[in-house]
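Presented below is the structure to which this report refers.
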Amino acid sequence: MATKAAAPFRLDGALNDARWVSAVRMSDFTDATTRSNGRSQTSVAVFYDDVNLYVAFWCKQTVPITSLQATNNIGFGTDDYVGVGIDPSGNADRAYYFEITPAGTRFQQASENARYMPQWQGAANVAQGTWTAMMTIPLDAMRLPSSAVQTWRVNFVRFVARDVEKLTWGYNGQMDTGGFPSLADARYWPAARDLRIARRSFHPRPSVALYALGSGGEGRREFVTPAGSSFKANPRAMGVDLTYPLTPTMSFVGALSPDFSNVDADQLTITPQVFQRNLTEYRPFFAQGASFVNNSATALGINEPPNLTFYSPAIGTFDRGFKVEGTYGKYQSLGILEARGTNDITGEPFDDIAFGFKHVLPSRTFGYWTNGAIANHAGDHDATMELGVQARDLRTGWVGALFHERETGTLITDPAQAISTYGFIDHQGPTHEGLLAFRDIGPLYNPVDGFTLISDIRGPGFSYSLFGAGPAHSPIKDGNVYVFCDRYLDRSGAVHKADAGINAFADLKSPFSISFGTTQTELRSYDGNFQTGYPFYHNPRNQRFDVTYAGLTYKPNSPEPVNLQYSWGPFGDYYLQQVSSNMTRPLGTRYTLSLEYDGTREHLYSGPANGQWLRRASFGWSIDRNSTLSIALRDISGTGGFADPGTNLSASFHRVFNSGDELYLGYGTPAAIQTVNRYLVKYVFKRD
């Protein structure tokens, strides 16, 4: 699969080096959507030495090439691209993807870090009816094991945007076609054996990132947490992030006086909520190595987000953080972190710890793990630990797992009611997946640093999905149908939560995709609390929260999609109607305009109707390969809904220099409800 190179390759997108001409090429790509041979001819060759991995692609193309993105790591998945997936661990614990477009724009992802940004090179060349690409990936951009002879799992992918063609070289019917390309599929990738690399060549080096920040404006002391709450604090002028490799695959990470004002994200919604939202973590300290801390081999929620013993958005601004994360031995991973700071709202100190350990075989046929969190908040102590085991039969497709969590601490008055147990059996096939589960969550189980959607439930859940390509002469290219149901009782013996629903999606051979479905939900509250009524269960009340929806997308997986969705149904005390629409439009090769228009209408069963409207507009300018400018405007009006009314304007400029240093210029923050009159200049010095 990979040949040891006697001499380095010069970066050349046209692949003029004679060694590429005579190299052994791999082809036979499969369309992951239609599960048939790929229509677009693709071949790839790989060389390596003690410093770099060299990958070359030859791509024939009968449809026009889509290649509009001009800045690295901006707009992934809208252009044509080719990519290589590498799993040096062999068990998907350290999997990486590197992709490049016909314009030479580069992207990458890593299972160990949501903000993975290594230094690597790529070039591409476009000719009539074909394009070629070359990647030069330093070995020290990945965490390689220390052995001199190694076995990796490797895959190659290609995406053709015009026909939404998802090609994969290593194909298995159980791969995740919806999340293409998926790092979780690394366990299915073919093995590249007998890779001989000098040990000294890929020892990782320590790295330091020192930032200096200046800010101005009357809102310079206003900040927003990942959960959306705002607070006032003096801005930090300087801080440092440190990564020190303990072994080739494990590192110590430290953050002193960290600042995340340049990575705020707009996660605001006007959609009414019954339970807390599961937010995306964007802060680099928590994003790096997150999979080693939140390490459940299978974190499942039937039509809802999974419960987590550690949920980092629950931790506000912290003053310092330390972490050890990575893998060791053949099959083990470890993550331990400590974060200390002051609660943004109450001003009380906290000192929290989270940890995870996992042992999983390379085939993922067997694994066991533990993880947990310890929260120390102004005299209150809360500790949660999870133990889990999973087994998988690759021949038959059967999977089984059992999780058990226990919470203790000063907030727990009855330890027997602060326990959570979850088990399931699942069957996976090339065109179906069925799951039968049982969940038992005590009424007092709700970890301070965790995420628990609802407590005080006990009962079964079921889901079944069918997916695959449409018949040869049908208008459907690919589709899936998903049905689910659950019925949970609380400790009083009453039905606390019951759901049933069906969702269907079809990607058509025309430039449209359609979706529709319904979810029927009954919830029981006590004294207005949906979480639990334990121990007295006073004033019970059953309410319906049903949603039926229909959606239409024009040009999905393209640089210019248009999405429309309408939903309706009873929502507690009122009848709710919602509409959402958004579109993205390239303006030439360097500018992008995105628009969103959402609305809610709440018809109270006893009282007047109200509602909200949300309007978003964002403009992006890809100045060059390493520089971007973005402007975002959001306006929310009306009453009801989920968000406070307000208008927010924010802007940012980001430049990555050849040295790896970064410059940020910003106005306001996209996460705030109202415009924050704050100007920001931040420079990050990076040194290895």
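Where a number appears in this text, it was derived from the coordinates with a stated rule and is not lab data. None of the values given here were measured: they were computed from a predicted structure. Cβ atoms come from the backbone with ideal geometry, glycine included; neighbour counts cover every protein chain shown.
Odds and ends about this structure:
- Packing-based ranking, highest mean first, of 635-644, 180-189 given that Cβ atoms within 10 Å are counted: 180-189, 635-644
- Stokes-Einstein, applied to the Kirkwood radius of the stretch 209-253 over Cα pairs at a viscosity of 1.306 mPa s and 10 °C, places its translational diffusion at 119 µm² s⁻¹.
- Each residue of the stretch 4-10 was assigned a 3J(HN,Hα) from its phi angle through the Karplus curve 6.51 cos²θ - 1.76 cosθ + 1.60 (θ = phi - 60°); the sequence is 6, 8, 6, 9, x, 9, 7 Hz, with glycine and proline shown as x.
- Fraction of C-alpha pairs exceeding 34 angstrom in the chain: 50 percent, rounded to a whole number.
- Candidates per trypsin sites (Lys or Arg not before Pro) in the stretch 506-574, loop by DSSP, up to 16 other Cβ within 10 Å: 509
- Computed [θ] at 222 nm, deg cm²/dmol, the chain (DSSP H ≥ 4; -39,500 (n - 2.57); rounded to nearest 500): -500 deg cm²/dmol
- Cα lying deepest toward the dipole's positive end in the chain, options 195, 86, 608, charges on Cβ: 195
- Since only 237, 250, 273 are under comparison, the one whose Cα sits farthest along the positive direction of the charge dipole of the stretch 213-275, derived from C-beta charges on Lys, Arg, Asp and Glu, is 237.
- Column: log10 I(q)/I(0), Debye, Cα scatterers of the stretch 405-552, q = 0.20 Å⁻¹: -1.18
- Amide hydrogen proximity for residue 508: with H placed 1.01 Å from N in the peptide plane, the residues at 5 or more positions away or on another chain lying under 5 Å are 477, 513, 514.
- Normalising by residue count, the stretch 626-680 has a Cα convex hull of 71 Å³ per residue.
- The residue 273 and residue 404 beta-carbon pair, evaluated with R₀ = 25 Å, returns a calculated FRET efficiency of approximately 0.30.
- Using θ = phi - 60° and Karplus 6.51 cos²θ - 1.76 cosθ + 1.60, couplings along the stretch 380-387 (whole Hz; Gly, Pro as x): 8, 10, 9, 10, 9, 10, 10, 10
- Trypsin sites (Lys or Arg not before Pro) within the stretch 34-130, DSSP loop, no more than 10 other Cβ atoms inside 10 Å: none
- Hz values of 3J(HN,Hα) by residue in the stretch 558-566 - Karplus curve (6.51, -1.76, 1.60), Gly and Pro given as x: 10, x, 9, x, 10, 10, 10, 8, 10
- Where Cα atoms sit under 13 Å apart: lysine pairs in the chain separated by 8 or more or lying on different chains: 4
- Remark: the stretch 529-621 carries a charge dipole of roughly 240 debye about the Cα centre, counting +1 on each Lys and Arg Cβ and -1 on each Asp and Glu Cβ.
- The stretch 245-294 and the stretch 334-378 have Cα centres spaced 13 Å apart.
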